[in-house]
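Participant: One structure coming up, written as structure tokens, with questions to follow.
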Amino acid sequence: MEEKILGIIPNTHTGFFGQKAFNLIITDRRLIAAALTSEMIKQAAKEKSEESKAQGDGILKRMAKTAFVGVDLYKRYYQMPLNNIVSENPGNFSLEPSMVKKISVKTGRYDQETSKTTPNEIRIKSTLGKHVFSFTSIQPKEARALLSQTFGSVLK
């Protein structure tokens, strides 16, 4: 049976000050963390601008169409072979259930006294180390439901 994508948690951030962006592709067999690089966004913006220009759009319309190109870049993964996603960037990796010791999904909080927000987080402990991904693109409940389909036994 062919591996299939169950869903994607797009535009997550990790690292010091969240400087690395990843799209988390959840399949029926594993999680694929696909890095979202500035080069990828620039290339997608260039392609969108050229496409818009070919349609006769003016400069302002082209700018508007390219402004948020990185936000929807994850959608292309639904069309790509899964092994191509893993090998797309050197920072990409995948985790199979046997490699994962624990996954937790934490709901972010807003502190009224300090006016500070802590983001939603996915925390993973695996044979590759610890990973923490902050996200806002979907609700924690949705992320938990998606992850439970593949990692139910280690999801806390």
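Participant: Mind listing whichever residues of segment 120-156 are assigned to a strand (DSSP E or B) and not polar (S, T, N, Q)?
Facilitator: 121, 122, 123, 124, 125, 129, 130, 131, 132, 133, 135, 155
Participant: Filter segment 16-49 down to the residues that are at pLDDT 80 or above and either in contact with a Cys (Cβ under 8 Å, 6 or more places away or on another chain) or assigned to a loop (DSSP other than H, G, I, E, B) (or both) and list them by number.
Facilitator: Hits for segment 16-49 are 19, 28, 29, 30.
Participant: At pLDDT below 80, surrounded by fewer than 15 Cβ atoms within 10 Å (Cβ to Cβ) and in contact with a Ser or Thr (Cβ under 9 Å, 6 or more places away or on another chain) - does that describe any residue in segment 81-94?
Facilitator: no
Participant: Going through segment 118-136 one residue at a time, which ones are out of contact with any helix residue (DSSP H, G or I) (no Cβ under 9 Å at 6 or more places or on another chain) and of a type in the set (Ser, Thr, Tyr)?
Facilitator: 118, 136, listed by residue number.
Participant: Search segment 133-153 for residues that are over 11 Å from residue 26 (Cβ atoms) and pair each with any residue that is of a type outside the set (A, V, I, L, M) and part of a helix (DSSP H, G or I) when their beta-carbon atoms are under 7 Å apart and the residues are at least 6 apart or on different chains.
Facilitator: Matching pairs, first to second residue: 134/18.
Participant: I'd like to check something: does segment 50-62 contain any residue that is of a type in the set (S, T, N, Q), at pLDDT 95 or above and surrounded by fewer than 16 Cβ atoms within 10 Å (Cβ to Cβ)?
Facilitator: No: zero hits.
Participant: While we're looking at this one, here's another question. So, in segment 106-131, of the ones that are touching a Phe, Trp or Tyr at 6+ places or on another chain (Cβ under 9 Å) and within 16 Å of residue 148 (Cα to Cα), which residue ends up surrounded by the fewest Cβ atoms within 10 Å (Cβ to Cβ)?
Facilitator: Residue satisfying both the conditions and the ranking: 123.
Participant: With a cut-off of at least 1 residues that are under 17 Å from the mean Cα position of the chain (by Cα), name the strands (runs of 3 or more DSSP E) lying wholly within segment 67-119.
Facilitator: Ranges flagged: 93-95, 100-106.
Participant: Further question: Using beta carbons and a limit of 9 Å, which pairs, at least six apart or on different chains, have the first residue in segment 41-62 and closer than 21 Å to residue 10 by Cα and the second one modelled with pLDDT of 70 or more and part of a helix (DSSP H, G or I)?
Facilitator: 41/73; 44/73; 44/76
The values are calculated or read from the model by the stated rules, or taken from the named source; none is laboratory data. These numbers were taken from a predicted model, which means no experiment stands behind them. Reconstructed Cβ throughout: ideal geometry from the backbone, glycine too, with neighbour counts over all protein chains shown.
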